[in-house]
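Have a look at the structure below before the remarks.
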Amino acid sequence: MADLPDDLRRRLDDLFRSDNVATRLGAELIRWHPGHATVSTVVDNPDANFMGVVHGGTLFTLADIALSFASNGHGRIALAIQVDIAYHRGVTPGDEVIATASETSRTRRIANHHLELHVGGELVGSATGITYRTDEWHFGSEVWPEEWRANH
């Protein structure tokens with residue numbers, strides 16, 4: 001199977017790094033390849049809820065960002081249709097949270113992903129995500145090699 005062409009990888013990388021929600025959250029794209037992504041952010045006091053721990057919505061958003069980069073890393077436009085998350089322990093402001101998304105299966109239309117949130121190497125949340133894979137391609141289908149489109 002062919003590798004992701006370098007020029008398209010650069011274009012996707014630029015696209016991912018321009019994500020408005022990731023920017024607002026201060027999320028940094030650490031690494032990605034088709035079907036996998038790792039992002040991180042240091043959570044602040046504005047992310048804390050009334051109990052002084054980071055709001056679950058902030059953690060969900062970070063996991064969702066990793067999912068979007070992983071699922072769109074093939075070049076085909078993919079949209080989350082379901083994400084189920086479990087929080088294993090509280091996260092405090094000032095913690096660096098690392099979110100990873102890994103594709104576990106993929107068909108032409110549906111992809112399944114396992115997501116994890118870590119603080120200092122400790123698992124603080126886990127999730128499963130399902131994405132719908134459209135017929136549309138980032139930058140138009142014509143720029144993607146035929147072999148790549150057939151396999152992704």
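In the range 60-77, the condition of being within 26 Å of Pro145 (Cα to Cα) and surrounded by fewer than 20 Cβ atoms within 10 Å (Cβ to Cβ) is met by at least one residue. Looking at the range 117-137 only, could you name the residues that are in contact (Cβ under 8 Å) with a residue 40 or more places away in the chain and either crowded, with 18+ Cβ neighbours inside 10 Å or over 26 Å from Asp7 (Cα atoms) (or both)? Those that are in contact (Cβ under 8 Å) with a residue 40 or more places away in the chain and either crowded, with 18+ Cβ neighbours inside 10 Å or over 26 Å from Asp7 (Cα atoms) (or both): Leu117, Val124, Gly125, Ser126, Ala127, Thr128, Gly129, Ile130, Thr131, Arg133, Trp137.
The set of residues in the range 83-111 being of a type in the set (A, V, I, L, M), surrounded by fewer than 20 Cβ atoms within 10 Å (Cβ to Cβ) and either touching a helix residue (DSSP H, G or I) at 6+ places or on another chain (Cβ under 8 Å) or closer than 23 Å to Trp137 by Cβ (or both) consists of Val83, Ile85, Ile110. Only one of the numbered conditions (1) buried (at least 20 other Cβ atoms within 10 Å of the Cβ); (2) aliphatic (A, V, I, L, M); (3) closer than 24 Å to Arg24 by Cα is violated by Ala80, and that is (1). Inspect all residues belonging to the range 19-39 and state whether any of them is among the charged types (D, E, K, R), more than 23 Å from His113 (Cα to Cα), at pLDDT below 95 and more than 14 Å from the chain's Cα centre (by Cα). Looking for residues that are among the charged types (D, E, K, R), more than 23 Å from His113 (Cα to Cα), at pLDDT below 95 and more than 14 Å from the chain's Cα centre (by Cα), one finds none in the range 19-39, hence no. Would the range 131-141 turn up any residue that is hydrophobic (A, V, I, L, M, F, W, C), at negative phi and in contact with an Asp or Glu (Cβ under 7 Å, 6 or more places away or on another chain)? No - not one qualifying residue is present in the range 131-141.
Would you confirm, using the coordinates I've provided, whether Ala2 is under 30 Å from Glu147 (Cβ atoms) and out of contact with any Lys or Arg (no Cβ under 7 Å at 6 or more places or on another chain)? So Ala2 passes the test.
The residue of the range 105-118 that is farthest from Asp135 (Cα to Cα), among those that are hydrophobic (A, V, I, L, M, F, W, C) and more than 11 Å from the chain's Cα centre (by Cα), is Leu117.
Close contacts from the range 43-64, counting a first residue that is under 17 Å from Leu115 (Cβ atoms) and in contact (Cβ under 8 Å) with a residue 60 or more places away in the chain and a second that is part of a loop (DSSP other than H, G, I, E, B) and of a type in the set (A, V, I, L, M, F, W, C), with Cβ to Cβ under 7 Å and a gap of 6+ residues or different chains, come to Leu59/Val91. Taking the range 21-43 as the search range and keeping residues that are touching a Gly at 6+ places or on another chain (Cβ under 8 Å) and farther than 15 Å from Ala101 by Cβ, which one is surrounded by the most Cβ atoms within 10 Å (Cβ to Cβ)? So, considering only residues that are touching a Gly at 6+ places or on another chain (Cβ under 8 Å) and farther than 15 Å from Ala101 by Cβ, the one surrounded by the most Cβ atoms within 10 Å (Cβ to Cβ) is Val43.
The values are calculated or read from the model by the stated rules, or taken from the named source; none is laboratory data. Being a predicted model, the structure only gives us computed values, none of them experimental. So basically every Cβ, Gly included, is an ideal-geometry build from the backbone, and we count neighbours across all protein chains shown.
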